[in-house]
1. FRET efficiency for Arg264 and Arg795, Cβ-Cβ distance as r, R0 = 45 Å, nearest 0.05?
2. Using a 1.4 Å probe, what is the accessible area per residue for region 495-604, in Å²?
3. Roughly to the nearest percent, how much of the accessible area of region 311-461 is carbon and sulfur, given a 1.4 Å probe?
4. FRET efficiency for Asp614 and Tyr363, Cβ-Cβ distance as r, R0 = 25 Å, nearest 0.05?
5. Cα centroid distance between region 308-383 and region 220-264, in Å?
6. Expressed in nm², what is the orientationally averaged projection area of the convex hull enclosing the Cα positions of region 210-281?
7. Kindly provide log₁₀ I(q)/I(0) values, in the same order as q = 0.14, 0.16, 0.17, 0.19 Å⁻¹, from the Debye equation applied to equal alpha-carbon scatterers of region 234-385.
8. With 28 Å as the limit, write out which pairs from Lys403/Lys807; Lys238/Lys808; Lys156/Lys258; Lys238/Lys258 have Cα-Cα distances beyond it, or answer none.
Amino acid sequence: MALTFLPRMKVKGAQGWNALSVGRLVMVLYAVGNTVPVVWTASAQSLQNERATVSGFIRDIESGEALAGATVYDPRSGTGAVANNYGFYSLTLAVDSVSLTVRHVSYQPELLRLELLMDIRRDIGLRLRAVDLGEIEVAAPSGTDYVNQTLMSLVKVPIEQIQSLPVLLGETDVFKTLQLIPGVQSGAEATSGIYVRGGGPEQNLVLLDGTPVYNTSHLFGFLSAFNGDAIKDVTLIKGGFPARYGGRLSSVVEMTMKEGNLKRFAGKGAVGIVSSRFTLEGPIKKDRASFLVSGRRTIYDLLIYPFLPSDSKSLAYFFDLNAKANYILSSNDRIYLSIYSGGTRFSSRQKSTSEEVRRGDKYSLGWGNVTGTLRWNHIFGPKLFANLTLGNSQYGLEVFQEKYYRHNLEITAINSLHRLHYTTDVKDLAARTDFEYAPNALHYVRFGVGATRQSFHPGVLLERLETINSESVEEDSSDMEGPTRSTTLSVYLEDDLALLGPLRANLGVRVETFGVRGAQYTSVQPRLSLHYQLAGNTAVKASYARMQQKVHLLSSSNALSLPTDLWVSATERTPPQKAWQAAAGVAYQFGQRRYQVTLEGYYKEMHNVIDYRDGDHFFNITGGGWEDKIEHGQGTSYGMELFVQRTVGRATGWVGYTLSRTDRNFAGLNDGKPFPFTHDRRHDASVAITYRLREHMEVSVAWVYGSGRAVWLPAGFLPVEAHAPAPLGTVDLGYTSGTPARNAFIYGARNHSRMPSAHRLDLAMHLHKEKRRTRRTLSLGVYNAYNRRNPFILRLEEQGDGSLVFKKISIFHVIPSIVYELEF
C-alpha cells in the first residue's frame with residue numbers, strides 16, 4: 001500500500017493536522033495495509049524536524065498603536081520573541097499546535113492558540129490592563145524582564161510612570177525621571193541635564209523617532225524639551241551598546257513618538273502653572289492612516305505682558321510642537337513622517353528718557369531644535385523586516401545685545417551705539433537602512449548601513465561700535481573658512497544568539513569612517529554582551545563596547561549646561577572622542593517576578609575629550625579660533641549601581657543607589673595631574689514610587705540624595721595695586737567692595753573642593769474622574785516638600801575684617817504645583 005495520497009504539501013496546508021495526528025493516521029493505514037514501518041517513521045521524523053514561523057504586528061486593539069517591547073512566549077519550548085520599535089515580531093517554532101502567551105507591561109495578557117503547520121502572519125491586538133488593586137501574577141517574561149534580556153545596562157521606563165512621578169512645577173519631564181535611574185546624575189538642582197557614568201551632556205545620543213536632538217532643554221535647563229504626551233516609549237542604554245547605535249560615548253536615550261489613533265478621534269488638554277498643552281489624534285482614513293499633533297507653550301508671558309511698564313519689559317517663554325502621520329500602504333509596507341520643533345526665547349528691554357538724554361538696553365536670547373524623520377517599513381517575509389530612514393536635525397542659537405545713548409532728543413544723530421550679535425548652528429542630514437532577520441529561535445540578526453552629512457558653524461560673534469564724529473568699528477570672530485562640514489559612513493552587524501545551554505550573547509561590530517577637512521578617521525568598534533542564566537530567576541551578565549564620537553561640546557559653565565555652549569565638529573586638529581567600557585553584573589527576580597534586582601559594576605576610559613584652557617573662553621575674540629583655546633585630555637569613570645524595581649501591583653517604582661568616581665586628566669591643566677570631573681559625585685541615591693490608593697486616586701513620591709559635586713575654589717588671594725599686573729600663577733577677578741585695590745585669587749588643585757550634599761522630597765497626588773466620554777485629572781504636587789536649602793551656586797562675599805568667604809545660594813524652596821487635564 002502506498003501513501004501517495006498524503007503528500008507533504010497537503011499535510012502542511014491542512015488545518016487542524018499536526019505531527020501526532022498524521023502519525024496516528026499512518027499507523028492505522030499500516031495496520032490495515034501492512035505498510036512497511038519505515039514509511040511512518042520517515043514521515044513523522046520529517047514533520048518533527050520541520051519548523052514554521054509566526055509573525056506580525058502587536059498593537060493596541062482600541063487605537064491601533066504599535067506596542068514596542070511586547071513579548072510572544074512559547075511555554076513548551078521556553079522561547080519567545082520581543083516586538084521591535086514598530087511592533088513587529090517573528091517567532092520560529094517546530095510545526096505543531098502551539099499556545100502562545102502575548103504580554104505587555106501595560107496591557108492584559110492574551111493567549112494565542114494556533115496550528116503552526118506553515119508560515120503564518122498573525123497580527124495581535126491587546127487591551128489596556130484594567131485597574132486592579134490586587135496583585136497580578138506574571139507567569140512569563142515581559143518586555144521589562146531584565147533578567148531574561150541578553151543586553152545589560154538597559155532600562156525601559158513606562159511613560160505612565162514618567163507622567164505619574166512628581167516633578168518641578170508639575171511639568172511632565174522625561175529627563176528628570178531618567179535622573180532617578182542609577183548611573184545617571186543631574187547637574188545643578190532642578191535642571192534637566194543628564195550625566196551618565198562620568199560622561200558629559202554631549203556624550204548622550206538622544207534620538208526622537210531615530211533622529212538626534214542636540215539641545216534637550218527649555219528655560220535655561222530647568223525643563224527638558226520633550227512633551228510627555230507625545231512620547232510612547234523611552235529606553236535608556238548606559239553601557240554594552242548594541243552595534244546598531246553609534247556616535248556617542250556614554251548613553252543612548254531612544255524616544256518613540258506615538259503614532260496616532262487609527263480607530264477614532266481623541267484628544268487631551270492640560271493647564272498648569274507654567275504651561276498649557278494639547279494633544280489631538282485620530283484617523284485620516286480609518287484603520288489605514290492616522291495623525292497626531294501635540295503642542296506645549298508657556299502662558300504666563302502672554303498674561304503679564306500687557307501689564308508690564310513700557311520702559312521695562314522682560315519675558316521668557318518656551319514652546320514645542322510634535323506632529324506625526326503614518327499610512328499603511330499594504331500589509332507589508334508602512335510609511336511614517338515625524339516632525340518636531342521646540343525652543344526657548346528670552347528678551348529684556350530697558351529704557352529711560354529725560355529732557356537731555358535717552359538711554360536704552362536691549363537683550364535677547366533664543367535657541368531651538370527642528371527635526372524631521374521620514375521612514376518606510378517593509379516586510380520581505382516572515383523572518384526579514386527592513387526600515388529605511390531619512391532624517392534631518394537642526395539646532396540654532398542667537399544672542400543679541402544693544403546699548404545706545406542719545407544726547408538731546410532733538411538731535412537724531414547717534415552719540416553712541418554698541419551692538420553684539422552672536423549666532424551658532426548645527427545641521428544634520430542622514431540616511432540609513434536597517435534590517436532585522438530572525439532565522440530561528442537561536443538567532444536574531446540586525447545589520448544596516450548609514451550615511452550622515454553634518455555642518456557645524458561654531459559661532460559668529462559680531463561687535464559693532466559707533467560714536468558721533470567717528471567711524472564705526474566692527475569686530476568679527478567668525479570662522480572665515482565658513483562652516484565645518486563632515487561626512488560619516490557606517491555599517492554594522494549584530495546577532496543575538498543562543499550559545500551553549502544557558503549562555504546567550506549579543507555579538508556585533510560597527511565600522512565608521514569620518515571625513516573632515518581632508519582628514520579621515522576610521523574606527524572599528526566591537527560590541528559584546530554575555531548572558532548566563534543560573535538556576536531559578538538569576539542571571540549573570542557582562543559586556544564590552546568601544547565607541548567613537550565625532551562631536552564635541554565646549555562648555556562655558558562648570559555648573560550648568562547652557563544654550564551658549566558650543567557644539568563643534570572633530571577636525572584635523574581635534575580628533576574624535578573615543579571610549580571603551582566594560583561592565584559585569586547580576587540580575588535576580590523574586591516574588592513571582594514582581595521584583596527585579598540588578599547589581600552592576602563598570603569601568604570606562606575616554607580619550608580626546610576637550611576643555612577650555614584656564615581663563616579662556618569663546619567670547620575672547622583676540623585668542624584665535626576655538627581650537628586655539630582648548631586642551632585635549634582623557635577621562636576615567638568607574639562605579640557600582642544597585643537597582644531594585646517593582647513593575648506590577650498597587651505600588652510600582654524603584655530604589656536606586658550609585659557609588660562612582662570620575663576623573664579628567666589634561667597635560668595643560670592642573671599641572672598635568674588628574675582631577676575630579678565637575679560632575680563627579682561619590683554617592684547618589686533615589687526612591688521613586690507610585691501607589692494607587694483607590695481606583696481613581698494615586699500618589700507618588702520621589703526622594704533623591706547626592707553628595708556634593710566637585711568645584712574649583714581659590715585657596716587664597718593677594719591684594720594688588722589698582723594698576724599693577726596680577727602675579728604669575730594667579731587669576732585676577734577685579735575689585736572688591738570698598739577697596740581701591742583688586743584681588744588676585746590663588747588657585748590650588750583643580751576641583752579640590754566639594755559643594756554641600758543635596759537631598760529633597762517631592763510629592764504628587766493624581767485624582768481621576770471618569771465620565772462617559774471624558775476623563776478628568778487633577779494633579780497636585782509639592783517640590784522640595786521639607787524645604788531643604790540645597791546649594792545652587794556659591795557666592796563670594798567679603799567680611800568686615802577683609803576676609804573672603806563662600807556662601808551657598810539656594811533658589812528652590814518649597815514649590816507647589818497644580819495641573820488640570822481633560823482627556824476625551
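The values are calculated or read from the model by the stated rules, or taken from the named source; none is laboratory data. Please read these numbers as outputs of a predicted model, since none were measured by experiment. Cβ coordinates were reconstructed from backbone atoms using ideal geometry, including for glycine residues, and neighbour counts include every protein chain displayed. Accessible surface is based on the protein model in full, side chains and every heavy atom, while ligands, DNA and RNA are left aside. Shrake-Rupley method; radii C 1.70, N 1.55, O 1.52, S 1.80 Å.
1. 0.20
2. Working: 4210 Å² over 110 residues.
Each residue of region 495-604 exposes 38 Å² on average to a 1.4 Å probe.
3. Heavy-atom surface of region 311-461 belonging to carbon and sulfur, 1.4 Å probe: 58 percent.
4. Calculated transfer efficiency: 0.30.
5. 18
6. So the Cα hull casts an average projection of 6.7 nm².
7. For region 234-385 at q = 0.14, 0.16, 0.17, 0.19 Å⁻¹, log10 I(q)/I(0) is -0.93, -1.07, -1.13, -1.23.
8. From Lys403/Lys807; Lys238/Lys808; Lys156/Lys258; Lys238/Lys258, over 28 Å: Lys403/Lys807; Lys238/Lys808.
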